[in-house]
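Enquirer: Sharing a structure with you now.
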Amino acid sequence: MVSEKYDPKGIEGKWQQLWAEQNVFKATEDSPKPKYFCLCMFPYPSGNIHMGHMRNYSIGDLISRYKRMKGFNVLQPIGWDSFGLPAENAAIQRSVHPRDWTLQNIAQMKVELKSMGIGYDWDREVTTCLPEYYRWEQMLFTKFFEKGLAYKKRGQVNWCPKCETVLANEQVQEGACWRCDSPVVVKDLSQWYLKITAYADQLLSGHQQLEKSWPQRVLDMQKHWIGESQGGRIQFQVEGSQEKIEIFTTRPDTLFGVTFVTLAAAHPLAQKLCKTPDALKHLEQIKVAVALRRPDEEIKEKKGFFTGSYAIHPLTGAKVPVWVGDFVVMEYGTGAVMAVPAHDQRDFEFAQTYQLPIKTVIVPNKDEGGAQPMKEAYTGSGFLTESGSFNGQDNETAKTNILKELESKKLGIKTIQYRLRDWGVSRQRFWGAPIPIVYCESCGTVPVPEKDLPVELPMDVTFSGKQGNPLEQHPTFSKTQCPKCQKTARRETDTMDTFVESSWYYARYTDPHCSTGPFAKAKADYWLPVDYYVGGVEHACMHLLYSRFFHKILRDWGFLKGDEPFSRLLTQGMVIKDGAKMSKSKGNVVTPGSILDRFGADTARLFSLFAAPPEKDLDWNEKGVEGCHRFLQRVWRLFYQHQSLLAEAQVAEKEITFSDKCLALRRKTHWMIQKMTEDIESEKFNVAISAAMELVNELYGALTDHDKFFSTPDGKWTLQEAVHSLLLCLAPFAPHMMEELWHEMGNKTFVTCADWPKFRADLLTESKFTLVVQVNGKVRERIEVAKGITKEDVQKLVLGMDKIKPFMEGKTLKQFVYVPERIANVVVV
RNA sequence: GCCUGGAUGGCGGAACUGGUAGACGCGUUGGACUCAAAAUCCAAUUCUCGCAAGGGAGUGAGAGUUCGAUUCUCUCUCCAGGCACCA
């Protein structure tokens, strides 16, 4: 018997335990059902789960449970993205080992997560900071190295003085560290890079198969991030020298408009080409200014100077001066540009400042001169002029033709330039996967052989918070032998960016305890790709790009098949409070713990899904939570009041004659099933829930006639069908309570494992419909009409209506519109 | 500046391929139950004129297409996110 009061605490723990005991969520590869891999972005174990996690996992669990009921073999795993800075900061502040701090947080969060009743296969838990995980990452790194896809280069990097770590460009936000907000400075370090640029084209073309199942904005952001530009590389011979300046341009059609060439200050030739002591002085000044420039700094005026050298125009042979400009970026293209002030706004501004010649070579219309003098560069399309044999060609054709000409003279080549840069993975931190490399004086850079992996993090370390990486300070860690020649050698002390761990964890879930490789191919091939991936949109350009890169790498190395890791992506919005992001500094943090305590997991989950569509921000509103709790209580009470009826055996449907009122209720039941199925499929979870609420409202409404409404045979049948369907449809949203009521209804199996209900189309159809009558597009009347009525009959009916006649007086009928079973519009003038 | 999205009651949000704008929830108001309160149940709730019947306006602003536009087209305003001397 169900108690009168809905007591979530009493039932939630019970069902969580029963699910666990009976391995309801254990996923195996031997099922006859089709597989479904549902994944939420795994959490960083900061200590407590927050509302964002709860929302994320409520969505993932809804999908997982729904798909399970739909007959899929569902895998929903969880793990911990457990390397990272906060653990190290905690180590500095509290003198604990990052490992202990992290594992303790994991234990704590696990308890919280379990109390939410998410259907995880806990046997597949993956913890990235443990050697059994990162040893495979180290193995993969050595493969990157051997294949030439991991390399070292010196370069200027963003350095956070507080975190004492290198930050990726994307980790610098408005000149400040994305984690601690300290201002970022530039530092010169030797770093490890992964050659993601080698996959730029594939990362871009791979979007084709994601076009329909990933949010457009994520695809757009990635596209922008990769930044493909079609163009060419063109060589300018330096006058009186063997040196060549190679430039990249997207506008080879403007080649004849080149009046000078501009180099970045850091360009390798810049120093050599400076002919005067004055120029060298200028070069130093600009170098320093560019290095000190903050990433977000706005540049008002372009600065530069003439080197004193000249370059030879590849087609005209003209002498053009070589300048250095602070607006030319060394990291993009070749670090040198051909300047066409007439058709590039930056070159135009530069030319104005230093009074350099401007030569128009593209005009909007044939036989027309360029505007003189110009106010700004003309960057539109048009026809070539002053361009030798290319005169008169439209500029798009000329792009191809000019490059062809250059190619035939071996002075240029058609290329594609990407904005994407290689991924710097070195971190001067302790709490990360050590990069498995040894530096030997005779053998050079040597990867640690697989038999010697993992390179484990030592336990005996001290954290001062100063002078960078504790691994460097460690007495023995860096002292090792060369794997090749056994001589004394130095071990790499940099660890890997934590994004490396999260780039392949989804594949590890398919075989989390594999000790012979990152995972067995057969298992990965069975489960992958991830069918449904849920997480924050903030990972659009980093994690989601790196994972796609790794997937393609792993495919090319034969570890798995398939081109893309995540078939479908849902980017969920943030949880905010009173219009602002929840944060400790604002003091508006509501923790899931307090909500779980007061209302239970089912209410918390239901609210997370009901309050907003998943992709939008969700404003946390206590009253709204109460509303969801009230709804669950309403379901409970409905059940409680009729529990003896509901527990009775159901008679055959054909033995019952249903009253009109019961038929209407049955229609609502099947409408709900249809609506919920469609809305879940189309990710409109908030609307799905409202359908269940509508059914409950109608059931209560039936009771207002008389409280024994459901006692008649047809009433009882109708109620049983409605409640049965309701429990099934709500099971993915509020699983504990539905499990309890399902059990009380006399079912011996889990509702979690039941089949998703099917709606009966024959019960949804009605013989009548509401005809909306409009006059000149304004609603004037509504009337119940039998379906199948002809247009003629409708017109007769409508024109004879008392409500309609007055609108027609003194006017003539111009048109009569009838949309079958919807609307009639009388058009009069 | 460029690229994406958005803009609907007091609030969160619904609305099929152009066809009843405001589902569902919150809040508010009224009623029932109660000695009373809470809880619960019922009803009303876009604004506006009206005792009412009924009328008028209404989906950021302005135009257009249409019998009919939240939905399609154009222009503009504002908001959010992303990118930015990228050649």
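Enquirer: Looking at residue A:376 and the list (1) away from RNA strand B (no atom under 15 Å from the Cβ); (2) loosely packed, with under 14 Cβ neighbours inside 10 Å, which single condition is not satisfied?
Expert: Failing condition for residue A:376: (1).
Enquirer: Could you look through region A:283-302, keep only residues that are within 15 Å of RNA strand B (Cβ to nearest atom) and buried (at least 19 other Cβ atoms within 10 Å of the Cβ), and pick out the one that is farthest from residue A:352 (Cα to Cα)?
Expert: Across region A:283-302, the extreme among qualifying residues is A:290.
Enquirer: All but one of (1) in contact (Cβ under 8 Å) with a residue 24 or more places away in the chain; (2) within 9 Å of RNA strand B (Cβ to nearest atom) hold for residue A:758; state the number of the condition that does not hold.
Expert: Condition not satisfied by residue A:758: (2).
Enquirer: May I pose another question? What about residue A:691, is it modelled with pLDDT of 95 or more and either among the small types (Gly, Ala, Ser) or in a helix (DSSP H, G or I) (or both)?
Expert: So residue A:691 fits the description; yes.
Enquirer: Hey, another quick one. With A:446, A:455 as the choices, which residue is assigned to a strand (DSSP E or B) and modelled with pLDDT of 95 or more?
Expert: Of A:446, A:455, the one residue that is assigned to a strand (DSSP E or B) and modelled with pLDDT of 95 or more is A:446.
Enquirer: Additional query: Just one of A:329, A:361, A:337 is within 15 Å of RNA strand B (Cβ to nearest atom), surrounded by 18 or more Cβ atoms within 10 Å (Cβ to Cβ) and within 30 Å of residue A:152 (Cβ to Cβ); which is it? Break it down into steps so the answer makes sense when it comes.
Expert: Working: A:329 fails: surrounded by 18 or more Cβ atoms within 10 Å (Cβ to Cβ); A:361 fails: within 30 Å of residue A:152 (Cβ to Cβ).
None of the others qualify; the one that does is A:337.
Enquirer: Looking at A:663, A:703, which is the one that is over 44 Å from the mean Cα position of the chain (by Cα), near RNA strand B (Cβ under 9 Å from one of its atoms) and not polar (S, T, N, Q)?
Expert: Sole residue among the options that is over 44 Å from the mean Cα position of the chain (by Cα), near RNA strand B (Cβ under 9 Å from one of its atoms) and not polar (S, T, N, Q): A:703.
Enquirer: When the residues of region A:219-250 are narrowed to those that are in a loop (DSSP other than H, G, I, E, B), more than 20 Å from residue A:331 (Cβ to Cβ) and not small (Gly, Ala, Ser), which ends up farthest from RNA strand B (Cβ to nearest atom)?
Expert: A:242
Enquirer: Against the definition (in a strand (DSSP E or B), modelled with pLDDT of 90 or more, touching a Gly at 6+ places or on another chain (Cβ under 8 Å) and more than 30 Å from residue A:102 (Cβ to Cβ)), how does residue A:415 come out, yes or no?
Expert: It is true that residue A:415 is in a strand (DSSP E or B), modelled with pLDDT of 90 or more, touching a Gly at 6+ places or on another chain (Cβ under 8 Å) and more than 30 Å from residue A:102 (Cβ to Cβ).
Enquirer: In the set A:770, A:812, A:765, A:790, which member is out of contact with any helix residue (DSSP H, G or I) (no Cβ under 7 Å at 6 or more places or on another chain), under 30 Å from residue A:673 (Cα atoms) and away from RNA strand B (no atom under 13 Å from the Cβ)?
Expert: A:765
Enquirer: Looking only at region A:579-616, which residues are near RNA strand B (Cβ under 10 Å from one of its atoms) and at pLDDT below 90?
Expert: Those that are near RNA strand B (Cβ under 10 Å from one of its atoms) and at pLDDT below 90: A:579, A:581.
Enquirer: Hey, another quick one. Regarding region A:788-808, can at least one residue be identified that is crowded, with 16+ Cβ neighbours inside 10 Å, more than 28 Å from residue A:63 (Cβ to Cβ), of a type in the set (D, E, K, R) and out of contact with any Asp or Glu (no Cβ under 7 Å at 6 or more places or on another chain)?
Expert: no
Enquirer: Would you say residue A:828 is within 13 Å of RNA strand B (Cβ to nearest atom), more than 51 Å from the chain's Cα centre (by Cα) and of a type outside the set (Gly, Ala, Ser)?
Expert: Yes; evaluated as a whole, the condition is true for this residue.
Enquirer: OK, next. Restricting attention to region A:636-649, does a residue exist that is away from RNA strand B (no atom under 11 Å from the Cβ), assigned to a loop (DSSP other than H, G, I, E, B) and at pLDDT below 90?
Expert: yes
Enquirer: Right, here's the next one. Could you please find all residues in region A:483-495 being touching a Ser or Thr at 6+ places or on another chain (Cβ under 9 Å), of a type outside the set (D, E, K, R) and surrounded by fewer than 24 Cβ atoms within 10 Å (Cβ to Cβ)?
Expert: Filtering region A:483-495 down to residues touching a Ser or Thr at 6+ places or on another chain (Cβ under 9 Å) leaves A:484-485, A:487-495.
Next cut, of a type outside the set (D, E, K, R) only: A:485, A:488-489, A:493, A:495.
Of everything in region A:483-495, those that are touching a Ser or Thr at 6+ places or on another chain (Cβ under 9 Å), of a type outside the set (D, E, K, R) and surrounded by fewer than 24 Cβ atoms within 10 Å (Cβ to Cβ) turn out to be A:485, A:488, A:489, A:493.
Enquirer: Let me ask another. Would you call residue A:403 within 13 Å of RNA strand B (Cβ to nearest atom) and more than 18 Å from residue A:247 (Cβ to Cβ)?
Expert: Against the criterion (within 13 Å of RNA strand B (Cβ to nearest atom) and more than 18 Å from residue A:247 (Cβ to Cβ)), residue A:403 does not qualify.
Enquirer: Counting just the residues of region A:260-274 that are assigned to a strand (DSSP E or B) and more than 10 Å from RNA strand B (Cβ to nearest atom), which one comes out nearest to residue A:247 (Cα to Cα)?
Expert: Restricting attention to region A:260-274, the residues satisfying the condition of being assigned to a strand (DSSP E or B) are A:260-263.
If we keep only those that are more than 10 Å from RNA strand B (Cβ to nearest atom) as well, we get A:260-261.
Numbers: A:260: 12, A:261: 9 Å.
For region A:260-274, the residue satisfying everything is A:261.
This table checks each residue for (1) within 16 Å of RNA strand B (Cβ to nearest atom); (2) hydrophobic (A, V, I, L, M, F, W, C); (3) under 30 Å from residue A:624 (Cβ atoms).
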site	(1), (2), (3)
A:692	yes, yes, yes
A:717	no, yes, no
A:725	no, no, yes
A:736	no, no, yes
A:743	no, no, yes
A:752	no, no, yes
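Enquirer: Let me ask another. Take the residues in region A:732-776 that are closer than 19 Å to residue A:646 by Cα and among the small types (Gly, Ala, Ser), then tell me which one is modelled with the lowest pLDDT.
Expert: Among those that are closer than 19 Å to residue A:646 by Cα and among the small types (Gly, Ala, Ser), it is A:746.
Enquirer: Within region A:522-554, count every residue that is closer than 28 Å to residue A:451 by Cα and surrounded by fewer than 16 Cβ atoms within 10 Å (Cβ to Cβ).
Expert: 2
Enquirer: Which of (1) outside any loop (DSSP other than H, G, I, E, B); (2) at pLDDT below 95; (3) more than 10 Å from RNA strand B (Cβ to nearest atom) is the odd one out, the single condition residue A:320 does not satisfy?
Expert: (2)
The values are calculated or read from the model by the stated rules, or taken from the named source; none is laboratory data. Bear in mind that the values here come from a model prediction, so they are computed numbers and not experimental data. Cβ: placed from backbone, ideal geometry, glycine included. Neighbour counts: every protein chain shown.
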